[in-house]
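Comments concern the structure below.
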Amino acid sequence: THKIILDTDPGIDDAMAIFFAFQSPDIEVLGLTTVFGNVPVDMAAQNALTLCEMADQDIPVTKGVGMPWVGPESSYAHFVHGDDGFGGVNPTPSARELDPRSSAQFIVDMARKYPGEITLVAIGPLGNLALALRLEPELPKLVKGVSIMGGAAFVRGNVTPVAEANIWNDAHAAEIVFAADWDLTMFGLDVTNAVPFAPTFVDVLAEKNPKLGGFVQQTAQFYMDFYSQNREDRVCFFHDAFPIAHLRHPELFELTEGNVRVATDHLNRGQTIVAPAGTTASPLWTEANTIKVATKVDHAALEQLFVETYA
Ligand code: BDR
Ligand code: CA
């Protein structure tokens, strides 16, 4: 089994990904670490507790970074995920308590406890991972790997023409995380935006799993309203589930290698600039860590994996 820590900002597709991980027999979720992003960090933490209660999972949930590494102020994506982060469904908040540690401290503690065993799966902005690297500079040696949903390697962004939301929200933190010397795989819009799900997909999840899939179905309605603006078809995207699917079924994905830098200045803020391995690039890139970038995914097989796992 894969031991993971899910670093998250729930979030509609975060919820779908978290339930997918919980339902996966070969994944052990050691804890949910929360960060600001789609919603403020207090709400992210509360939402994570609520998801754990819904899924009968008694695991630690921590509160983490509530603002970007460097200004400006945080901005949230309520227009995508609703005022409550769950598309206005407003589930009864769990009365469970948070683990008192910060998300970064929890990551460090777990990495020391299970050296070489944990994959950090980050599906929100990267402040907690950047802070964990500061708390424990040996962290890259202590974890097995890092898989993130974020970035846009060879495609356009979703917040600006060049930037994807998770990276844009905390570009400085992302630059720290991409530069660290660990085995990092990036699942950006290159793959996640290439795979629109039909509106009936969430109906299937609900049918297979009335409780968890049913919640995804309900919350996804608001989310689909957002995604279906400016298009003729009604669609849904499940960005955050991709890195988890890859851990379980790497054969569904095509990856390439490259050096990635994150732009932190205003117009380019959050751009993930990839120098593919073997191309000529300035030392600013070639001296950066080499990472793996997902470029393709088998849509039909991925969809089947989600459905089977929710059942
Ligand atoms: C990412 O941004 C958030 O809105 C989603 O939860 C996902 O993590 C997609 O760009
Ligand atoms: Ca997310």
Around Thr62, under 12 Å between beta carbons, what's the net of Lys plus Arg minus Asp minus Glu among the other residues? -2
Contact order normalised by residue count of the range 166-248, Cα under 8 Å, 6+ apart, percent: 28
What whole-number distance in Å separates the alpha-carbon centres of the range 197-229 and the range 247-268? 27
Please give the residues of the range 279-310, grouped as numeric ranges, whose backbone N is less than 16 Å from a label point set 7 Å along the Cα-to-Cβ vector of Leu255. 289-298
Taking every DSSP beta bridge that has both residues in the chain, what percent is antiparallel when rounded to the nearest 5? 35
Per the C-alpha gyration tensor (a ≥ b ≥ c, the square roots of its eigenvalues), the range 207-255 is rounded if a/c is under 1.5, else prolate if a/b beats b/c, else oblate; here it's oblate
Final fewest-first order of Asp190, Asp56, Asp9, Asp42 on the 10 Å Cβ neighbour count is Asp56, Asp42, Asp190, Asp9
With contacts defined as alpha carbon pairs under 8 Å and 6 or more residues apart, what's the relative contact order of the chain in percent? 19
Once you wrap a convex hull around the alpha carbon atoms of the range 1-82, what is its projected area averaged over all directions, in nm²? 5.3
Restricting things to Cα coordinates, could you compute the convex hull volume per residue of the range 181-267 in Å³? 162
Put in order of increasing Cβ neighbours within 10 Å, starting from the fewest, Arg96, Arg101, Arg261 give Arg96, Arg101, Arg261
Once the piece of chain linking Lys113 and Thr279 is laid out straight, how much longer is it, given 0.36 nm per residue of separation minus the C-alpha distance between them? 55.8 nm
DSSP-loop GluC sites (Glu not before Pro) across the range 194-284, with at most 11 other Cβ within 10 angstrom: Glu232
Near Thr256, within a Cβ-to-Cβ distance under 10 Å, what is the net charge of the other residues, with Lys and Arg +1 and Asp and Glu -1? -1
Give the distance, in whole Å, between the Cα centre of the range 52-88 and the Cα centre of the range 15-48. 9
Under the Karplus relation 6.51 cos²θ - 1.76 cosθ + 1.60, θ = phi - 60°, what is the ordered set of whole-Hz ³J(HN,Hα) values for the range 257-266, x standing for Gly and Pro? 10, x, 9, 10, 10, 10, 6, 10, 8, 3
Report the per residue volume, in Å³, of the convex hull enclosing the C-alpha atoms of the chain. 120
Note to self, the chain gives a 222 nm [θ] from helices alone (DSSP H runs n ≥ 4, -39500 (n - 2.57) apiece, / all residues, nearest 500) of -11000 deg cm²/dmol
Arrange the following residues from fewest to most other Cβ atoms within 10 Å of their Cβ: His266, His299. His266, His299
Could you work out the Rg to Rh ratio of the range 142-197, with Rh taken as the Kirkwood radius (inverse of the mean 1/r over all Cα pairs)? 1.00
By how many nm would the segment from Ala300 to Thr200 grow when fully extended, if each residue of separation counts as 0.36 nm and the alpha-carbon distance is taken off? 34.6 nm
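Read-outs: derived from the displayed coordinates by stated rules, not from any lab. Being a predicted model, the structure only gives us computed values, none of them experimental. Glycine also receives a Cβ, built like all others from the backbone with ideal geometry; neighbour counts cover every protein chain displayed.
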